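Working notes, structure below.
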Amino acid sequence: MTTQEPVFLQLGQKPEEKGLIVREGARGSYPADVSERLGEAAEQIIARYPESRSALLPLLHLVQSEDGCITPAGIDFCARHLGLSGAEVAAVATFYSMYRRTPTGDYHVGVCTNTLCAVMGGDMIFAELKKHLGIGHGETTADGKVTLEHIECNAACDYAPVMMINWEFFDDQTPQSAKQIVDDLRSGKTVTPTRGAPLCTFRETARILAGFPDPRPGALDTEPGGPTLIGLRIARERGMEAPEAPDRPTLSASRAEGTEPEAAARTADAPAPAPSATVPPESATSETSPDVTDAPEAKGE
């Protein structure tokens, strides 16, 4: 019998891949003064929740406000304060795209390249910014000012093409206006989004997202614009209203009448109906009426 050498498999990302939390230069632990300062803020956040683990998302924003991204130090901090394992914290931190895994500049510039923004010019804006800044997707300018990404839908299709900078909206952009905005940011000028207060840095934004007050004047004064409200305006001009909801017995009334348990008994163990062969499905079939079966014997065939 021959003895074979064990084979070791390395799982997960390759060391050279982007987006690793454990990487060269990433902070592994916080100094005592930083840990104490963050701990005081963490206590305020955790106190808002009946279950401490529910505070994980804002705590991740808190440590991101310290490091500019998620680091091993931040993972360990959140785990210790919430009684979780590092793996549990890392699983959440790597699921949501708002938690950055690489160092982020003062201004995170996200260009929407989903369908509507793309066809309205988003792809061109992103291509022009890459050329103008000399960086690619997920990269940061040498001065540490701008991190550029193409991102998923900003939920502002009525203003396409849209950019978001530190999660603030910049509507109806063009390649020229986008380049002017990033130039202003890099030169230190105050930049105000289409909707909202003047921009703050990415780390300051992360602290606001952790649940602390937004000190910017006018930060809470934003109202929906014309394109967002056009459907409502047309409905009012034409006197359109939603139909009245049909009268339905309440759950308590159904239980009092004894009808709710019987309905549950009829459907609880019923199999899901098969896909219909007709579009729309025929009435009085098992697909539309749970009490009816399509079996031949039920039809007397």
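Key figures
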item	result
Close pairs from region 166-178: first over 9 Å from Gly121 (Cβ atoms), partner of a type outside the set (Asp, Glu) and surrounded by fewer than 17 Cβ atoms within 10 Å (Cβ to Cβ), Cβ under 6 Å, at least 6 apart	Phe169/Thr194; Phe170/Thr194; Asp171/Thr194
Matching entry among Gly196, Gly134, Gly138 (being touching an Asp or Glu at 6+ places or on another chain (Cβ under 7 Å), among the small types (Gly, Ala, Ser) and over 30 Å from Gly231 (Cα atoms))	Gly138
Residues (under 19 Å from the mean Cα position of the chain (by Cα) and closer than 21 Å to Thr141 by Cβ) located in region 164-217	Met164, Ile165, Asn166, Trp167, Glu168, Phe170, Phe202, Arg203, Glu204, Thr205, Ala206
Region 144-158 - residue that is modelled with pLDDT of 95 or more and touching a helix residue (DSSP H, G or I) at 6+ places or on another chain (Cβ under 7 Å) and, of those, nearest to Asp171 (Cα to Cα)	Leu148
Residues of region 159-173 that turn out to be open to solvent by 50 Å² or more (accessible area, probe 1.4 Å) and either of a type in the set (A, V, I, L, M) or more than 16 Å from Asp214 (Cβ to Cβ) (or both), as a count	1
Criterion: farther than 29 Å from Arg216 by Cα, among the aliphatic types (A, V, I, L, M) and either over 17 Å from the mean Cα position of the chain (by Cα) or assigned by the TED database to the domain that holds Glu36 (or both) - qualifying residue of Leu129, Leu116	Leu116
Residue pairs meeting the criteria (Cβ under 7 Å; at least 6 apart or on separate chains; first closer than 20 Å to Tyr159 by Cα, in region 105-134; second open to solvent by 50 Å² or more (accessible area, probe 1.4 Å) and in a helix (DSSP H, G or I))	Thr113/Asp123; Leu116/Cys157
Scope region 137-158; condition farther than 19 Å from Gly68 by Cα and surrounded by fewer than 20 Cβ atoms within 10 Å (Cβ to Cβ); matching residues	Glu152, Cys153, Ala155, Cys157, Asp158
Subset of region 47-97 (residues that are under 24 Å from Gly25 (Cα atoms), open to solvent by 20 Å² or more (accessible area, probe 1.4 Å) and outside any helix (DSSP H, G or I))	Ser85, Thr94, Phe95, Tyr96, Ser97
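The values are calculated or read from the model by the stated rules, or taken from the named source; none is laboratory data. Quick caveat, the model's predicted, so the values are computed rather than measured. Here the Cβ is made from the backbone with ideal geometry for all residues, glycine too, and neighbour counts use every protein chain on show. Accessible surface areas use protein heavy atoms only, side chains included; no ligands, DNA or RNA. Shrake-Rupley method; radii C 1.70, N 1.55, O 1.52, S 1.80 Å.
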